[in-house]
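The values are calculated or read from the model by the stated rules, or taken from the named source; none is laboratory data. No experiment lies behind these values; they were computed from the predicted model shown. Cβ placement follows ideal geometry from the backbone for every residue including glycine, while neighbour counts extend to all protein chains displayed.
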Amino acid sequence: MRVIFIILLLGVSLFSKEPVLSVNFGFLQMKGLLGHFKDGKESLKSFIYDVGFKYNLNIDVTYYEEFEVLYDRFSNEHLEMITIDSMSFFKNKNNLEKIADYFWTLSKNKEERIQYYLIAYKDLKINSFKELKNKKLTVSDVSMPALVWLDKNSLLENKKACSKLLKTLRFEKKDSMVLLDIFFKKSDLGIIKKDTWDSMLKLNPSLTQRLKIVKKSEKIFFPLIGVFKKNSNKDLVKMFFDEGADFEKLPKGKELIYMLGFDGIFKLDKEKLKELEKYYFEYFLLKEKYDA
């Protein structure tokens, strides 16, 4: 009887999935992507918890409204990894690089960078950013970098921020809805990702009868930037990148792709950030000069 009891006890110990290490991740609530879409946030939280459980980790995810609070908790060792928007990253890059490493972002259709198109209703004959005054513009909720692109070009060509020129700025949940806004004359202009334009054009070639591409951005943008602590456990970091490389292969992966609109995680080395860093540095200078 005693032998049977010992065997049962060993069996429970060997197959127990009790987490042996607790880790805290913090995500800044960005408009759309990690903002007010509750389902998307819960899907991401569930995905991270399940991956952690697989590796005997208890990973807790907390969403933060303010960068300052998030950064304080990161710098004070409470958080092992954080995600922030590109604007916050480059504004605080010097401080972050002192304590952070293992940079990453999300991929869309396996593409590492995003390109944006400024689309207009054809009959309006809009040809440049100089014609933003009193126009109605729509953009998707996940496109904070798109607004930076729009604003930078407005500052360059109009010497004014786009917010001081546009009649209205509308937000839609998806790029496809942005296109429909312009198509049905709810807006004069819209900004969408290149891949959305290409996909919608395949489905409906007649779009070009009413809509046109006014301008194309550089293909340099990322939806967000994530960073780990420099002293993070290397096995934890490896696990995160290995599991996140392709969401479709994961349990609940397709759900995550549907909710977030992105399909994987990939590493960002400093070389990949250089071009975007220069872009944001120029933008900050223009904001200071014309929109202080």
The residue from THR168, THR208 that alone is more than 30 Å from PHE27 (Cα to Cα) and surrounded by fewer than 19 Cβ atoms within 10 Å (Cβ to Cβ) is THR208
Expected single match for polar (S, T, N, Q), closer than 24 Å to LEU201 by Cβ, crowded, with 21+ Cβ neighbours inside 10 Å and at pLDDT below 95 among SER140, SER176 is SER140
When THR138 is run through (1) part of a helix (DSSP H, G or I); (2) in contact with a helix residue (DSSP H, G or I) (Cβ under 8 Å, 6 or more places away or on another chain), the failure sits at (1)
In region 179-202, residues that are farther than 25 Å from GLU112 by Cβ and surrounded by fewer than 20 Cβ atoms within 10 Å (Cβ to Cβ) total 5
